[in-house]
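The values are calculated or read from the model by the stated rules, or taken from the named source; none is laboratory data. Note that this is a predicted model, so its numbers are computed, not measured. As a convention, Cβ positions derive from the backbone with ideal geometry for all residues, glycine included, and neighbour counts pool all protein chains shown. Heads up: the accessible areas ignore ligands, DNA and RNA and are worked out on the full protein's heavy atoms, side chains in. Shrake-Rupley method; radii C 1.70, N 1.55, O 1.52, S 1.80 Å.
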Amino acid sequence: MKFTPSTAITSPKVKRVGVVGGGQLAWMMGSAASKLGIELVVQTPLATDPAISIASDTVLAAIDDVNATAELANRSDVITFENEFVDLDGLRTLENQGVLFQPSLSSLYPLLDKYVQRCYLQDLGLPTPRFWQWDCSQDLPLDFPLVIKVRRHGYDGKGTFVVKDSASLESICINLKGVALLVEEFVPFDRELAVIAARSAQGEIAIYPIVETQQENQVCRLVIAPARISLEIEAEASAIARTLLNSLQAVGVFGIELFLTADNQLLVNEIAPRTHNSGHFTIDACKTSQFEQHLRAVCQLPLGNCDLNSAGAVMVNLLGYESAESDYSEKRKQLAQIEGAFVHWYGKKVSRPGRKLGHVTVLLDEEALEHGRSPAEAIAQTIESIWNAN
């Protein structure tokens, strides 16, 4: 079925959306919700969490507190998720009582455990690195280097380890004793790519331009949109997204991380059943942001246009580099003076190394894109030199 996204705003069938999680992803739904005439009700543990400032109502409780989610349901028409740290079995009780979750719990189930996710992708015939279930007591099924991941609750590099030798392995096993693990081959990729795609309850699918991502210590450092890839790779990445979302009967935005190898093979790395860091550029660079798109899908509105507003964009994460309490206002003023820059600050009170405090998106013109990745990487270096300066 051919689908042409529409950016028209019609009256939403859903007026109040409950969001499990109150971090920056929920916070970035705020302006989209206001544009669509939707109220957000947020379940989050701390009154200082970013999304508190944009919520119409809040339930202060842990993310995996099912009783709190029941209260969230009482105040909402539908519930969606900012993260995956939920008690899926507990939430099924609420779903059986008629609470509407979007994406559905059945869509989430194959994705929250990384080993189960790998098996699901394999069953769909989608390409992945070779992988095994593992618990430190067994012999390794492959040689170094290799990758070990905790099966649940890992994010932003937490719970992911690139293991190069026996000494590193021994240290990891001491720290992860008794934890369910996934071990997989290390992929010497040429580039990392990401697909941000949305699906509506009616089966409409909208896919944003494929992007290139660059990581540092398994945390996203920058995103370049669009990725400089062949039409064949673009089509294959989009086909992977369509296969996955249709199989899951997904509703909402999903982030799909991919490896592109030197011989032009695509492998699926991980799936995030929510808005994703690699899609933040869409706020400033696309007709419809990923956050508006997610709310459109959840609220049964037509999906929006994913096209770029500019020739391209580069997005750089502002990562904490020290333990401090600061709003870094002077540095943000300097960043805002970069031509074409949009600075997004998440309002977090405390900085610590690796913590995502904000991001900067800079729009690119055709001339910059003609020179490949170099202009985007030069802009990223300028941003990081300002941000990391003493």
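When the Cα positions of ILE383, GLY347, GLY255 are compared along the charge dipole of the chain, GLY347 comes out farthest toward the positive end, with charges on each C-beta of Lys, Arg, Asp and Glu.
As an exercise, take the mean of 1/r over every pair of distinct alpha carbons in the chain, invert it, and state the Kirkwood radius in angstroms. Don't skip to the end; give the middle numbers.
Values: mean 1/r = 0.0462 Å⁻¹.
Computed over Cα pairs of the chain, the Kirkwood hydrodynamic radius comes out at 21.6 Å.
Using unit Cβ charges (K, R positive; D, E negative) and no other charged atoms, how large, in debye to the nearest 20, is the dipole of the chain about its Cα centre? Could the numbers behind the result be given before it?
Numbers: 33 positive and 47 negative charges, 180 e Å.
Once rounded to the nearest 20, the dipole reads 860 debye.
Put a plus charge on the Cβ of each Lys and Arg, a minus charge on the Cβ of each Asp and Glu, and nothing anywhere else: the dipole of the range 156-271 about its Cα centre is then about 340 debye. The accessible surface of the range 1-138, taken with every protein chain in place and a 1.4 Å probe, is 48 percent carbon and sulfur. Dipole of the range 15-134 computed with +1 at Lys/Arg Cβ and -1 at Asp/Glu Cβ about the Cα centre; of THR93, GLN122, GLY22, farthest Cα towards the positive end is GLN122.
Each 10 Å bin from zero up to the one holding the largest Cα-Cα distance in the range 55-148 carries the following percent of pairs: 13, 36, 24, 18, 8, 0.
Separation of the range 319-390 and the range 41-119, taken as the distance between their Cα centroids, equals 31 angstrom.
Compactness of the range 221-312 was expressed as the Cα radius of gyration divided by 2.2 N^0.38 Å, which yields 1.11.
Taking every alpha-carbon pair under 8 Å whose residues sit at least 6 apart, the range 110-210 reaches a relative contact order of 28 percent. Report relative contact order for the range 298-390 in percent, whole number only (criteria: Cα-Cα under 8 Å, sequence separation at least 6). After rounding, I find 37 percent. Comparing SER76, SER107, SER230 in a Gaussian network model of the chain where C-alpha atoms under 10 Å apart are linked, the largest mean-square fluctuation is found at SER230.
Using only Cα atoms, what Kirkwood radius does the range 247-390 have, in angstroms? Show your work: numbers first, answer last.
Values: mean 1/r = 0.0587 Å⁻¹.
Taking every pair of different Cα atoms in the range 247-390, averaging 1/r and inverting gives 17.0 Å.
Using the crude model of +1 on Lys and Arg Cβ and -1 on Asp and Glu Cβ, and no other charge, please compute the dipole size for the range 191-345 relative to its Cα centre, in debye to 20. Intermediate values should be presented prior to the final figure.
Details: 11 positive and 18 negative charges, 70 e Å.
Rounded to the nearest 20 debye, it is 340 debye.
Our coupling estimate for the range 345-352, obtained by passing each phi through the Karplus curve with A = 6.51, B = -1.76, C = 1.60 and θ = phi - 60°, is 10, 7, x, 6, 7, 10, 9, 8 Hz, Gly and Pro reported as x.
How would you classify the range 297-356 from its alpha-carbon gyration tensor, with a ≥ b ≥ c the square roots of the eigenvalues: rounded for a/c under 1.5, else prolate if a/b is greater than b/c, otherwise oblate? Before the final figure, lay out the partial values.
Working: a/c = 2.86, a/b = 1.61, b/c = 1.78.
Oblate.
For the chain, what does the accessible surface come to per residue with a 1.4 Å probe? Please give it in Å².
Numbers: 16870 Å² over 390 residues.
Spelled out: the 1.4 Å probe surface of the chain, per residue, equals 43 Å².
Take each peptide in 330-343, 116-129, count the other Cβ atoms within 10 Å of every residue, and average; sorted highest first, the result is 116-129, 330-343. Averaging the sequence gap over all C-alpha pairs within less than 8 Å and six or more residues apart, then dividing by the number of residues, gives the chain a relative contact order of 15 percent. Partnerless cysteines in the chain, where a partner means another cysteine C-beta under 4.7 angstrom, comprise CYS119, CYS220, CYS286, CYS299, CYS306. Placing unit charges on the Cβ atoms of the charged side chains and taking the dipole of the chain about its Cα centre, the candidate lying farthest along the positive direction among ALA198, LEU266, SER374 is ALA198.
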